[in-house]
Amino acid sequence: MSQNADNILDHANLFREPEYLQMFENKKQQFEDPCGSDELEKIREWTKTPEYRELNFKRESLTVNPAKACQPLGAVFCTVGFEGTLPFVHGSQGCVAYYRSHFSRHFKEPSSCVSSSMTEDAAVFGGLNNMIDGLANAYAMYKPKMIHVSTTCMAEVIGDDLSSFIKSAKAKGSVPEEYDVPFAHTPAFVGSHITGYDNTLKSILQHFWEGKERTPGEAINLVMGFDGYTVGNIRELKRLLNLMGVKHTILADNSDVWDTPADGTFRMYDGGTTLEETKQALHAKATLSMQEFCTEKAMEYAASVGQEAVALNLPMGLQGTDRLLMEIARITGNPVPLELEKERGRLTDAIADSSAHIHGKKFALYGDPDLCLGLTAFLLELGAEPVHVLSTNGGKAWEEKVQSLFDASPFGKGCHVYAGKDLWHMRSLLFTEPVDFLIGNTYGKYLERDTGTPLIRIGFPVFDRHHHHRYPVIGYQGALNVLVWILDKIFDELDRNTNVPAKSDYSFDIIR
Ligand code: SF4
């Protein structure tokens, strides 16, 4: 055995040892019945052609590798943004294991969430008993201040009614009558994680605001939306608001629970918008969302109680941040301080310093609708060309917004937007209309390997790089981070292409 107590190999090296290579070969001989390698190669080459691209884009009843997740994942993401709140997913343990592992792998933090543990009998007879027992157990064992209930596709397919189930559970004494148990139906087979976030936020606001009288005050509410950079972005947002002296409440503030310190104390809940703040948020002057397509219903609800509702499309780059600060200044009457004007100038300077390297570079990008809008706007500002912009959970309205960004810039000519398409469509685009770089989440590494397009990791989830979520992507500081990530990849590629000694190293420069 290559592996022993004195010589512990990392798995990346372990499986290259002879006994494992032999095992893989045996498996192939015994269990696979592949077609010949010539045939395989012929088909592989055909899938790179315009002819195949046309067929690929005609496909209607099949999605391959979508860049989205299901609604309950978004529900959990939103729920942990409230003080002491436990996400309770009415469905199977397997779904919840997926949400927990997804978040833990991205944020490198434990992610607490429980399920009602539905199995075959619940799927046939309904999950009421699971709700009664589950709420009682969750309340007794994890002592949350609030429990939010959402649903998986199984609970939705059999039509479990959360409102009556929670009432019945309360009547049976699972939790006290007056205990806060807001809920949202989050059917996984429609929408995506951003719909689940939206439904959940609306349900929590409704739970605390419905039937209450609003006395308009001076503070404003801010909503970040489903965002892989939530830790860095929410902290950056708070910094901007504090610099402007704005009284505010961040709704669904999950920045602390996914960045708890290692000081010997496990925190199942940390930080979050307090329940009192959430109640008081009804009286805010306005609610400002950073992600329009992630908060459509919640913002409609905020407007319906009399607040001004303003939604942005992830304020990245110069103009995106300008709009954010100017909206805050307009709503509150507080001016933008000199310190932020200086930050703007520094970002402009950084863009000018690097413009020669990024100008004219072609990009393909995919992700959530607002992330794609923010990135597209910033790339155009940099003089780059976002040639393919794709969002699996984007719709017609999103498509039009991206197109109007293209139309407003000379660099948007020849760029195209793709709503509702998946990463297999993106593969066809990369083979038939190649670009210099791909921007997307970790799943893009398969496209990188397949098509040879270098991947810049920006999005959710990012599993195979650490700690990016601690850095903001919004605001002038966030734009600087994104600029550096893009430039690092451009220089890595430039070095990789010019590193053969005495042949191509004429541009293997140490100064750029
Ligand atoms: S799609 Fe359905 S089965 Fe899959 S994780 Fe989501 S809720 Fe569970």
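The values are calculated or read from the model by the stated rules, or taken from the named source; none is laboratory data. Being a predicted model, the structure only gives us computed values, none of them experimental. Neighbour counts are summed over all protein chains in view; Cβ atoms, including those assigned to glycine, are modelled from backbone coordinates with ideal geometry. Accessible surface is based on the protein model in full, side chains and every heavy atom, while ligands, DNA and RNA are left aside. Shrake-Rupley method; radii C 1.70, N 1.55, O 1.52, S 1.80 Å.
Just need a number here: residues in the range 101-133 that are farther than 22 Å from Ala262 by Cα, within 16 Å of the ligand (Cβ to nearest atom) and either touching a residue at least 12 places away in the same chain (Cβ under 8 Å) or among the hydrophobic types (A, V, I, L, M, F, W, C) (or both).
Going residue by residue through the range 101-133, those that are farther than 22 Å from Ala262 by Cα are 114-133.
Next cut, within 16 Å of the ligand (Cβ to nearest atom) only: 114-120, 122-123, 127, 130.
Then drop every residue that is not either touching a residue at least 12 places away in the same chain (Cβ under 8 Å) or among the hydrophobic types (A, V, I, L, M, F, W, C) (or both), which leaves 114-119, 122-123, 127, 130.
Result for the range 101-133: 10.
Residues in the range 308-331 that are in a helix (DSSP H, G or I) and buried (at least 20 other Cβ atoms within 10 Å of the Cβ): how many?
Of the residues in the range 308-331, 6 are in a helix (DSSP H, G or I) and buried (at least 20 other Cβ atoms within 10 Å of the Cβ).
Considering only residues of the range 145-164 that are in contact with a helix residue (DSSP H, G or I) (Cβ under 7 Å, 6 or more places away or on another chain) and open to solvent by 10 Å² or more (accessible area, probe 1.4 Å), which is farthest from the ligand (Cβ to nearest atom)?
Lys145
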Ile132 meets each of (1) within 23 Å of the chain's Cα centre (by Cα); (2) among the aliphatic types (A, V, I, L, M); (3) over 16 Å from Val157 (Cα atoms) with one exception, condition (1)
message: Quick check on Ala75: is it among the hydrophobic types (A, V, I, L, M, F, W, C), within 16 Å of the ligand (Cβ to nearest atom) and open to solvent by 40 Å² or more (accessible area, probe 1.4 Å)?
response: no
- Message: Would you confirm, using the coordinates I've provided, whether Phe183 is among the aromatic types (Phe, Trp, Tyr), within 16 Å of the ligand (Cβ to nearest atom) and modelled with pLDDT under 95?
- Response: no
When restricted to Asn497, Asn441, the only residue among the polar types (S, T, N, Q) and open to solvent by 60 Å² or more (accessible area, probe 1.4 Å) is Asn497
Task: Residue check for Lys279: farther than 17 Å from Asn481 by Cα, out of contact with any helix residue (DSSP H, G or I) (no Cβ under 6 Å at 6 or more places or on another chain) and either among the basic types (Lys, Arg) or surrounded by 16 or more Cβ atoms within 10 Å (Cβ to Cβ) (or both) - done: no
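Could you tell me whether the range 249-268 includes any residue that is touching a strand residue (DSSP E or B) at 6+ places or on another chain (Cβ under 7 Å) and open to solvent by 20 Å² or more (accessible area, probe 1.4 Å)?
yes
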Inside the range 79-100, the number of residues satisfying the requirement of being within 14 Å of the ligand (Cβ to nearest atom) and not hydrophobic (A, V, I, L, M, F, W, C) is 9
- Task: Please tell me if Asp38 is open to solvent by 20 Å² or more (accessible area, probe 1.4 Å) and in a loop (DSSP other than H, G, I, E, B).
- Result: no
Margin query: Whether any residue in the range 275-291 is touching a His at 6+ places or on another chain (Cβ under 9 Å), at pLDDT 95 or above and in a helix (DSSP H, G or I) is what I want to check.
Written below: yes
Of the residues in the range 398-425, those that are farther than 20 Å from Ile458 by Cβ and in contact (Cβ under 8 Å) with a residue 40 or more places away in the chain come to Trp424
Exactly one of Ala140, Ala188, Ala171 is touching an Asp or Glu at 6+ places or on another chain (Cβ under 9 Å), without any contact (Cβ under 8 Å) to a residue 12 or more places away in the chain and either more than 16 Å from the ligand (Cβ to nearest atom) or farther than 23 Å from Ser304 by Cα (or both), and that residue is Ala171
Reported set for the range 41-63 where residues are in a loop (DSSP other than H, G, I, E, B), surrounded by 11 or more Cβ atoms within 10 Å (Cβ to Cβ) and more than 16 Å from the ligand (Cβ to nearest atom) is Thr47, Lys48, Thr49, Arg59
(1) in contact (Cβ under 8 Å) with a residue 12 or more places away in the chain; (2) within 30 Å of Thr451 (Cβ to Cβ) all hold for Ala356 apart from (1)
Scanning the range 110-123 for residues that are farther than 13 Å from Leu73 by Cα and either outside any loop (DSSP other than H, G, I, E, B) or open to solvent by 20 Å² or more (accessible area, probe 1.4 Å) (or both) gives Pro110, Ser117, Thr119, Glu120, Asp121, Ala122, Ala123
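Looking only at strands (runs of 3 or more DSSP E) that fall completely inside the range 405-512, which ones have 2 or more residues that are modelled with pLDDT under 95?
Qualifying strands (runs of 3 or more DSSP E): none found.
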